[in-house]
Amino acid sequence: MITIKDMAEIAGVSPTTVANVLHGRTKKMSKETLKKVQDVIDQSHYVSNMGARVLANYGSRIIGVIMNYDRRAENNAMADPFYGTIVGALEKEIREHGYYMMLYMAGSVEETVRLASSWNIEGLVALGCRAEDVQKMKEQLKMPVVFIDSYFQNQDCYNVGLDDFGGGYMMTNYLIRQGHRRIAFLADQQEPAGVDRERLLGYQKALEENGIIFHERDYVPISFRKQTRHTRLWEFCQERLNEYTALFFASDFYASDAVFIFQSQGIRVPQDISVVGFDDNLFAEHCRPMLTTVQQHVADKAFYAFALLQRLIRGEECIEKNIHLPVKLVIRESVQPLEP
């Protein structure tokens, strides 16, 4: 097996230079030297010994990605377009910067802390953390941590999220401009939290500014469990659908699922009921009619989260700690304008 010393002799550089390339310490290296050494490494099919790297204090080059997904017993999170897209985008960013990704789906903050502490990772990206868990992780983890889609009060934490409030506000105003004043908001928790809560608050703000009173029954909790959700949607069709002219779902997945249920009951979208979602993913495009929705760029969350984590790993100052990326309205076919 070829060694670092062997590659240094082939490239005509010192072993230290080869080691610096292998460990990503190339900031002060000329492009010519970097290319020469990298070509030798590639041609030699050299594989770094991770154990040796750690023992030599070069760092493991491992980034942990933990999905705090307490529904893992019932659902496959990777089948969700959001999680599939963001994990894929994170892997791309991590790999292209010379790191390795370790992925785990944790069911609790205690499990997250235990696993992250035992991996010898250089930094952690945590997805889907509840507000009460963020501070616990910050206190117990002795490594750089960047959260994605978390809402918390502590400004010492780093997070990349979305203008969820603005998205909810924007979509509701659009529905009102189309003549809808009886609008329900549907999400999968009895008490909305995190991104769903922010989207609900944006919806409520738009109603208030347009002189529309929000009643508690205008928030309709559906379930993340498929059978329960379908039962509730079917009951909603039979008992309450005529109370509204438009339904605002917290995600495209639930909106497209509802369209299927409605159509099976002979209810036409948008002729009988307008339906909108949030995310602008594959479900929005493949639904018939195609969904009007709020667009977010999931891959951008991965880009900004890893860029922020890299700065923390290098010990650099990060002025912006809580990044909220912009959203925009995507108008398609699922909203019926009403006569004034």
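Considering only residues that are in a loop (DSSP other than H, G, I, E, B) and either touching a strand residue (DSSP E or B) at 6+ places or on another chain (Cβ under 6 Å) or farther than 25 Å from ILE176 by Cβ (or both), which ones fall in region 252-270? Can you show your working first?
The first filter runs over region 252-270 and keeps only residues in a loop (DSSP other than H, G, I, E, B), leaving 265-270.
GLN265, GLY266, VAL269, listed by residue number.
Is it the case that TYR169 is within 21 Å of the chain's Cα centre (by Cα) and at pLDDT below 95? Considered against the rule, which asks whether it is within 21 Å of the chain's Cα centre (by Cα) and at pLDDT below 95, TYR169 comes out as no. What about LEU141, is it buried (at least 16 other Cβ atoms within 10 Å of the Cβ), within 19 Å of the chain's Cα centre (by Cα) and not aromatic (Phe, Trp, Tyr)? No.
Is it the case, given these coordinates, that TYR151 is crowded, with 18+ Cβ neighbours inside 10 Å and in the same structural domain as ASN210 (by TED's automatic domain parsing)?
Considered against the rule, which asks whether it is crowded, with 18+ Cβ neighbours inside 10 Å and in the same structural domain as ASN210 (by TED's automatic domain parsing), TYR151 comes out as no.
Scanning region 182-225 for residues that are out of contact with any strand residue (DSSP E or B) (no Cβ under 6 Å at 6 or more places or on another chain) and either of a type in the set (Val, Ile, Thr) or on the phi < 0 side of the Ramachandran plot (or both) yields a count of 30. Pairs are defined by a Cβ separation below 8 Å, a sequence spacing of at least 6 or placement on different chains, a first member in region 182-205 that is over 15 Å from THR293 (Cα atoms) and in the same structural domain as MET170 (by TED's automatic domain parsing), and a second member that is of a type in the set (S, T, N, Q) and surrounded by fewer than 19 Cβ atoms within 10 Å (Cβ to Cβ); the pairs so defined are ASP188/SER223. Filtered by the rule that a residue be part of a helix (DSSP H, G or I) and within 23 Å of GLN310 (Cβ to Cβ), region 117-138 gives SER117, SER118, VAL134, MET137, LYS138.
The set of residues in region 172-195 being at pLDDT below 95, surrounded by fewer than 22 Cβ atoms within 10 Å (Cβ to Cβ) and closer than 14 Å to PHE249 by Cβ consists of ASP188, GLN189, PRO192. Pairs linking a residue in region 210-231 that is more than 24 Å from ARG182 (Cβ to Cβ) and in a loop (DSSP other than H, G, I, E, B) to a residue that is at pLDDT below 95 and of a type in the set (D, E, K, R), with Cβ atoms under 9 Å and 6 or more positions apart or on different chains, are PHE224/ARG71; PHE224/GLU74; PHE224/ASP188; ARG225/ARG71; ARG225/GLU74; ARG225/ASP188.
The values are calculated or read from the model by the stated rules, or taken from the named source; none is laboratory data. Bear in mind the structure is a predicted one, so any value in this text is a computation, not a measurement. Because the Cβ atoms are built from the backbone with ideal geometry, glycine has one as well, and the counts that use them run over all protein chains shown.
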